[in-house]
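Have a look at the structure below, then the notes.
The values are calculated or read from the model by the stated rules, or taken from the named source; none is laboratory data. This structure is a prediction, so every number in the text was calculated from the model and none was measured. Positions of Cβ are generated from backbone atoms using ideal geometry, with glycine treated the same way; all protein chains shown enter the neighbour counts. Ligands, DNA and RNA are stripped out before the accessible areas are found, and what is left, the full protein with its side chains, is counted by its heavy atoms. Shrake-Rupley method; radii C 1.70, N 1.55, O 1.52, S 1.80 Å.
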Amino acid sequence: MTTKTVAYAVEKMIHQTADNPSPKHKYFQKVVNRYPFFRKFPSYLRRAAIADAIGIVSSFQSRYYEWQSGIRKHRAARPPRLTAMCKTYPALYKGQQVKYGLNYQTVDIKVWSGTDWVWLNNIKINHTGLSRHLIDGNEIQSPALVVNKNKCQLSMPVQIKKVDREDSDFVCSVDMGINNAATASIVGRNGTVKARKFINPARDIDRRNQRRMMIRKKSSQTSNLTKQKLPTGFCKGLYRKSANINLEISRKVMRGIVELAKTHNVKVIVFENLSGWKAKAGRKGSLQKQKFHLWCHCKIVELTQQRWNELGGKVVFVNPKYTSAYAFDGSGKVRRSKINYSLAVFKNGKQYNADLSASYNIGARYWYSLIVEDKHFSRVYARSAGFANVGKSSNDTLRTPVTLDTLRNLMVS
């Protein structure tokens with residue numbers, strides 16, 4: 001049975017009508033007789049509640065059957081429990097429970113007053129996110145009224161019209177760093193660098209670090225006094241604020257990258273594949289270790305991927321090996337300044353920003369692999385880029401790291 005037919009079947013078991021005078025279960029009818037205003041309960045909300053319950057029970061059964069068949073996280077895993085209260089919110093159907101004003105500036109919502117279903121009219125909409133509902137081709141779906149202790153929010157899902165950006169001879173290559181959150185460059189197929197941008201929300205980073213320093217100080221004082229491990233939930237408010245600021249940093253960096261890519265009409269944004277990366281520097285509990293721990297590169301990549309795919313673009317990942325270690329001009333390995341680690345000194349004596357040089361090399365590595373079908377990507381990168389016949393052997397793989405100079409020389413030859 002489909003979800004719709006199952007909902008109707010369950011409704012027939014409980015709801016008494018002229019066509020269904022004797023339902024199987026009488027409990028619902030007893031409630032209606034005791035509270036007559038239940039008769040005004042909208043049928044579409046009742047069916048939404050039934051569909052919700054079916055989904056909860058179906059999910060529990062699937063998890064329980066898996067547990068019975070031995071698919072468990074560990075041998076002693078307990079069986080799953082049926083959770084009845086999942087705090088879900090039913091959809092408000094257009095015309096029945098929600099009506100939109102001119103240009104979606106206001107909304108009317110039908111609610112339960114305690115004695116009757118009434119309309120709340122001309123509720124002003126204060127914030128509409130990215131205004132996706134106003135874009136031609138996008139279609140608003142049935143919204144949901146999300147209620148918590150502090151406020152009510154109208155969640156308005158929008159079905160996005162699929163778009164496809166035109167191919168370009170330029171890509172936006174991004175180097176994720178510690179000193180600068182992101183350094184982006186527009187790198188061309190022939191090795192031309194058209195634009196560059198440093199993205200570093202320093203004010204938010206300082207606010208986040210201040211809270212982490214407060215946590216460090218409080219934990220040190222508490223440990224010295226109690227001589228015990230810190231209790232569960234220690235400084236949870238500061239941890240929550242710090243995590244929220246880190247999320248805002250990720251969003252600001254994402255917006256900066258997307259704006260640069262949109263300005264120069266590129267289709268592809270190139271990142272280094274840093275999934276699974278772990279910092280080796282810094283001893284446990286040190287500020288340097290904490291700095292690496294707070295690095296939100298994965299969240300930035302995730303948000304950029306979501307937003308750029310929505311805008312019709314594509315996100316590609318390249319091998320991160322030696323992108324920062326080698327100079328973009330082909331002069332060889334760089335030496336980092338001991339005073340300013342962001343400053344790279346090339347073998348020919350030239351001084352340049354290390355993150356900027358790395359962003360050039362990331363873009364060059366993408367174009368080189370695309371032109372030559374080089375195995376300098378790993379097998380995973382090559383398959384994602386659409387390269388065929390990529391084997392496990394690396395005998396014919398280019399040993400010298402690809403830099404911007406390598407791409408330029410390739411185009412000249």
> In segment 172-197, which residue that is assigned to a strand (DSSP E or B) and more than 21 Å from N265 (Cβ to Cβ) is modelled with the highest pLDDT?
Replying inline: D175
>> Take the conditions out of contact with any His (no Cβ under 7 Å at 6 or more places or on another chain), modelled with pLDDT under 90 and open to solvent by 80 Å² or more (accessible area, probe 1.4 Å) and apply them to H297. Does it pass?
In response: no
> Where residues in segment 300-335 are under 24 Å from A364 (Cβ atoms) and charged (D, E, K, R), which of them is most open to solvent (accessible area, probe 1.4 Å)?
Replying inline: R335
>> Suppose we keep only residues that are closer than 17 Å to V158 by Cα and of a type in the set (S, T, N, Q) within segment 110-133. Which one would you say is least open to solvent (accessible area, probe 1.4 Å)?
In response: S131
>> Let me spell it out: the conditions are (1) at pLDDT 90 or above; (2) open to solvent by less than 70 Å² (accessible area, probe 1.4 Å), and I215 meets all of them except one. Which number is the exception?
In response: (1)
> Conditions: (1) open to solvent by 60 Å² or more (accessible area, probe 1.4 Å); (2) modelled with pLDDT of 75 or more. R383 meets all but one. Number of the miss?
Replying inline: (2)
> Which one is least open to solvent (accessible area, probe 1.4 Å), of the residues in segment 244-285 that are farther than 23 Å from L130 by Cβ and either of a type in the set (D, E, K, R) or not in a loop (DSSP other than H, G, I, E, B) (or both)?
Replying inline: V270
> Of all the residues that make up segment 88-109, how many are out of contact with any Pro (no Cβ under 8 Å at 6 or more places or on another chain) and either loosely packed, with under 13 Cβ neighbours inside 10 Å or not aliphatic (A, V, I, L, M) (or both)?
Replying inline: 15
> Which condition breaks for K99 when tested against (1) part of a loop (DSSP other than H, G, I, E, B); (2) over 28 Å from F60 (Cβ atoms)?
Replying inline: (1)
>> Every residue in segment 13-54 that is touching a residue at least 40 places away in the same chain (Cβ under 8 Å), touching a helix residue (DSSP H, G or I) at 6+ places or on another chain (Cβ under 8 Å) and open to solvent by 80 Å² or more (accessible area, probe 1.4 Å), please.
In response: R47
